[in-house]
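Visitor: Quick one: this structure, given as structure tokens, is what I'll be asking you about.
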Amino acid sequence: MSEPLLRLGGLGKSFGTNLVFSGVDLDVMPGDRIAILGASGSGKSTLLRCINALETPDEGLVKINGTPLLKADGKGRLRSTERDLCALRQRVGMVFQQFNLFPHMTVAGNVAEGLVTVRGMSSGKALERAQAELERVGLGDKGDAYPSRLSGGQKQRVAIARALAMDPEILLFDEPTSALDPALVGEVLGVIEQLANEGRTMILVTHEIGFAYHVATRVVFVAEHGIYETGTPEEVLKHPARPLTQQFLADHQRFQF
Amino acid sequence: MTYHWNFASVFDNWWALAIGLAGTLKLFVVCLVFGMTLGLFVALGRRSHRRWLRWLSTFFVEFFRNTPVLVQILWFYYALPILAPIEISPFMAAILGISLNSAAYAAEIYRGGIQSIEPGQWEAARAIGMTGAQTLRRIVLPQAIRRIIPALTNRGVEIFKMSTLASVVAYVELMQQGKLIASLNFNPLEVYTVIAAIFLIILYPIVRVTYAVERRLARSD
Ligand SMILES: Nc1ncnc2c1ncn2[C@@H]1O[C@H](COP(=O)(O)OP(=O)(O)OP(=O)(O)O)[C@@H](O)[C@H]1O
Ligand SMILES: [Mg+2]
């Protein structure tokens, strides 16, 4: 069996005395698309943010292709240099619920920023690459606009293009459609589905259970401070084995028919 | 009672005022650049994760905010040479007093501006692999500075006016030259009126320009 692209080993995190999760192990193989589901406050975002060290895990490690890029020392500090963290983050792209575009830069500037500042690419080349990424998400004509002029769905697609520009090996999505008008959810899910069809590796925190079912290769249900149930979408979403998963799905499907 | 204004006695000495104005502008530019730059570093020091640096920056801010600039200038001019074997010119003493005081105020303005930037901006920049310094330079400061331009403009105006305090150590600037003209011609009313007018004429257009810059920068919001 080949080396996992991403391995979480014994990952744990608390905020003060509030234990969010502990002992989380997860292997992500190339091409895996993992949907993380769970109740509000169950720690989905925190888990995702530990993977690229936006949150500092208390214990455990994050390995990419067998190289441990993130190691906690058990005291809330990282045994990683800033260089390791920047290297890790270039290989792991992230898309946020609130988009977090840079408002003082044009759309193309947002997408090119990482290439120019982090990769040292010339701004002409970077803008060319940005244009290509914008076309991929259907916004080839918006490069010169400022983010404030875009709809929520367009903003989120720019954020996806910004992450893609860095050629990440894994994409993390934290509820990418939760801040959107229902009418705009489709265009963003469409782009994510297209990335899935290209065989990209991704981890997606979402409340869109139908989308998770269609797109994910594996579903992880988070509860009781860790991974509570995991399996194929068929197993976890159609035939959940454990009570909290069953309860969660029942609550979410109550108003769906 | 009618007072017979006699501005001719002031304008006859226009060259003395011109020399004073040059001195004022020189002091202003040096203090502006030095004060605003040092202020930024002090603000960053207050956000450092090194405790001694935070402590030092906080001490700096509180010390220079809570002591009068006039006293500082006098202290640097008369007291410092007693403690340290250095000769301090009136220009140096004025620069130190005004810049350090301005840096302390500017530091608080920068700090407020940096704090006002949403954590999501830091996170988005870090998430594409930017270092803390890159994030600050490319993402946070450009946005923060837009927000604090009005406050920084006030500081700049304040620095310009504080330059008159340098006359206390006989540094040649407008106020000092005015005092001289007034004492020779016995016309303080006219002299100080003209000096106030010169400040107004110089500062008002500068303030208008910064308003325009502010509006231009706000375009993207
Ligand atoms: N910065 C923080 N400081 C303190 N506590 C936090 C912080 N971030 C999250 N928490 C706590 O950690 C727990 C997990 O939060 P998290 O945001 O990861 O949940 P979530 O599963 O993403 O929820 P949601 O579905 O609402 O987004 C919650 O109890 C939350 O209050
Ligand atoms: Mg969340």
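The values are calculated or read from the model by the stated rules, or taken from the named source; none is laboratory data. Computed from a prediction, not measured in an experiment: that's the story for all the values here. Methodologically, a virtual Cβ is constructed for each residue, glycine included, from the backbone with ideal geometry; neighbour enumeration extends over all protein chains shown. Keep in mind that these areas ignore ligands, DNA and RNA; they rest on the heavy atoms of the full protein, side chains included. Shrake-Rupley method; radii C 1.70, N 1.55, O 1.52, S 1.80 Å.
Visitor: Can you give me the number of residues within region A:205-257 that are crowded, with 19+ Cβ neighbours inside 10 Å, under 17 Å from residue A:8 (Cβ atoms) and among the β-branched types (Val, Ile, Thr)?
Guide: Within region A:205-257, residues that are crowded, with 19+ Cβ neighbours inside 10 Å, under 17 Å from residue A:8 (Cβ atoms) and among the β-branched types (Val, Ile, Thr) number 5.
Visitor: Tell me, yes or no, whether region A:127-134 has at least one residue that is assigned to a loop (DSSP other than H, G, I, E, B) and either more than 16 Å from ligand 1 (Cβ to nearest atom) or open to solvent by 30 Å² or more (accessible area, probe 1.4 Å) (or both). Even if it seems obvious, please write down each step before you answer.
Guide: Kept after step one, since they are assigned to a loop (DSSP other than H, G, I, E, B), are these residues of region A:127-134: none.
Looking for residues that are assigned to a loop (DSSP other than H, G, I, E, B) and either more than 16 Å from ligand 1 (Cβ to nearest atom) or open to solvent by 30 Å² or more (accessible area, probe 1.4 Å) (or both), one finds none in region A:127-134, hence no.
Visitor: With the structure loaded, tell me whether residue B:170 is more than 14 Å from residue B:24 (Cα to Cα) and of a type outside the set (Val, Ile, Thr) or whether it fails that test. Show your work before the answer.
Guide: On the way: more than 14 Å from residue B:24 (Cα to Cα): no; of a type outside the set (Val, Ile, Thr): yes.
No.
Visitor: For region A:95-118, give me each residue that is more than 7 Å from chain B (Cβ to nearest Cβ), crowded, with 20+ Cβ neighbours inside 10 Å and under 19 Å from the mean Cα position of the chain (by Cα).
Guide: Across region A:95-118, the qualifying residues are A:95, A:99, A:101, A:110, A:111.
Visitor: Would you be able to say whether some residue in region B:125-142 is open to solvent by 10 Å² or more (accessible area, probe 1.4 Å), within 14 Å of chain A (Cβ to nearest Cβ), touching an Asp or Glu at 6+ places or on another chain (Cβ under 9 Å) and within 22 Å of residue B:57 (Cα to Cα)?
Guide: Yes - at least one qualifying residue is present in region B:125-142.
Visitor: Still on this structure, please answer the following. Tell me yes or no: at least one residue of region A:197-212 is within 14 Å of chain B (Cβ to nearest Cβ), within 16 Å of ligand 1 (Cβ to nearest atom) and in contact with a strand residue (DSSP E or B) (Cβ under 7 Å, 6 or more places away or on another chain).
Guide: Looking through region A:197-212, at least one residue is within 14 Å of chain B (Cβ to nearest Cβ), within 16 Å of ligand 1 (Cβ to nearest atom) and in contact with a strand residue (DSSP E or B) (Cβ under 7 Å, 6 or more places away or on another chain).
Visitor: Answer yes if at least one residue in region A:173-183 is more than 16 Å from ligand 1 (Cβ to nearest atom) and within 13 Å of chain B (Cβ to nearest Cβ), and no otherwise.
Guide: So far as region A:173-183 goes, no, none of its residues is more than 16 Å from ligand 1 (Cβ to nearest atom) and within 13 Å of chain B (Cβ to nearest Cβ).
Visitor: For residue B:47, indicate whether it is open to solvent by 10 Å² or more (accessible area, probe 1.4 Å) and either more than 30 Å from residue A:166 (Cβ to Cβ) or within 14 Å of another protein chain (Cβ to nearest Cβ) (or both). Reasoning before the result, please.
Guide: Details: open to solvent by 10 Å² or more (accessible area, probe 1.4 Å): yes; either more than 30 Å from residue A:166 (Cβ to Cβ) or within 14 Å of another protein chain (Cβ to nearest Cβ) (or both): no.
No; evaluated as a whole, the condition is false for this residue.
Visitor: Considering only residues that are under 18 Å from the mean Cα position of the chain (by Cα) and more than 23 Å from residue A:207 (Cβ to Cβ), look in region A:14-31 and name the one that is nearest to ligand 2 (Cβ to nearest atom).
Guide: Selected residue: A:25.
Visitor: Please go through region B:81-100 and pick out each residue that is surrounded by fewer than 15 Cβ atoms within 10 Å (Cβ to Cβ) and assigned to a helix (DSSP H, G or I).
Guide: B:81, B:82, B:83
Visitor: Going by the conditions given, is residue A:189 part of a loop (DSSP other than H, G, I, E, B), over 13 Å from the mean Cα position of the chain (by Cα) and of a type outside the set (Ser, Thr, Tyr)?
Guide: It is false that residue A:189 is part of a loop (DSSP other than H, G, I, E, B), over 13 Å from the mean Cα position of the chain (by Cα) and of a type outside the set (Ser, Thr, Tyr).
Visitor: A further question on this structure: Name every residue in region A:9-20 that is within 15 Å of ligand 1 (Cβ to nearest atom), surrounded by fewer than 23 Cβ atoms within 10 Å (Cβ to Cβ) and not in a loop (DSSP other than H, G, I, E, B), in order of residue number.
Guide: A:12, A:14, A:15, A:18, A:19
Visitor: If I go through region A:32-89 residue by residue, how many of them are surrounded by 15 or more Cβ atoms within 10 Å (Cβ to Cβ), more than 14 Å from chain B (Cβ to nearest Cβ) and within 16 Å of ligand 2 (Cβ to nearest atom)?
Guide: Selection size over region A:32-89: 10.
Visitor: Let me ask something else. In the list B:196, B:166, B:182, which residue meets the criterion of being open to solvent by less than 50 Å² (accessible area, probe 1.4 Å) and over 21 Å from residue B:30 (Cβ atoms)?
Guide: B:182
Visitor: Moving on. Among the candidates A:163, A:250, which residue alone is more than 16 Å from ligand 2 (Cβ to nearest atom), within 14 Å of another protein chain (Cβ to nearest Cβ) and out of contact with any Lys or Arg (no Cβ under 9 Å at 6 or more places or on another chain)?
Guide: When all the criteria are applied, what remains is A:163.
Visitor: Can you name the condition, by its number, that residue A:145 falls short on among (1) open to solvent by less than 10 Å² (accessible area, probe 1.4 Å); (2) within 12 Å of another protein chain (Cβ to nearest Cβ); (3) small (Gly, Ala, Ser); (4) more than 16 Å from residue B:128 (Cβ to Cβ)?
Guide: (1)
Visitor: Looking at region A:169-182, which of the residues that are in contact (Cβ under 8 Å) with a residue 12 or more places away in the chain and either away from ligand 2 (no atom under 16 Å from the Cβ) or touching a Cys at 6+ places or on another chain (Cβ under 7 Å) (or both) is most open to solvent (accessible area, probe 1.4 Å)?
Guide: A:181
Visitor: Next question. Go through (1) within 16 Å of ligand 1 (Cβ to nearest atom); (2) out of contact with any Gly (no Cβ under 9 Å at 6 or more places or on another chain) for residue A:29 and report which single condition fails.
Guide: Going through the list (1) within 16 Å of ligand 1 (Cβ to nearest atom); (2) out of contact with any Gly (no Cβ under 9 Å at 6 or more places or on another chain), residue A:29 breaks only (1).
Visitor: Follow-up. Within region A:61-77, identify whether any single residue is touching a residue at least 60 places away in the same chain (Cβ under 8 Å) and within 15 Å of ligand 1 (Cβ to nearest atom), and answer yes or no.
Guide: No, region A:61-77 contains no residue that is touching a residue at least 60 places away in the same chain (Cβ under 8 Å) and within 15 Å of ligand 1 (Cβ to nearest atom).
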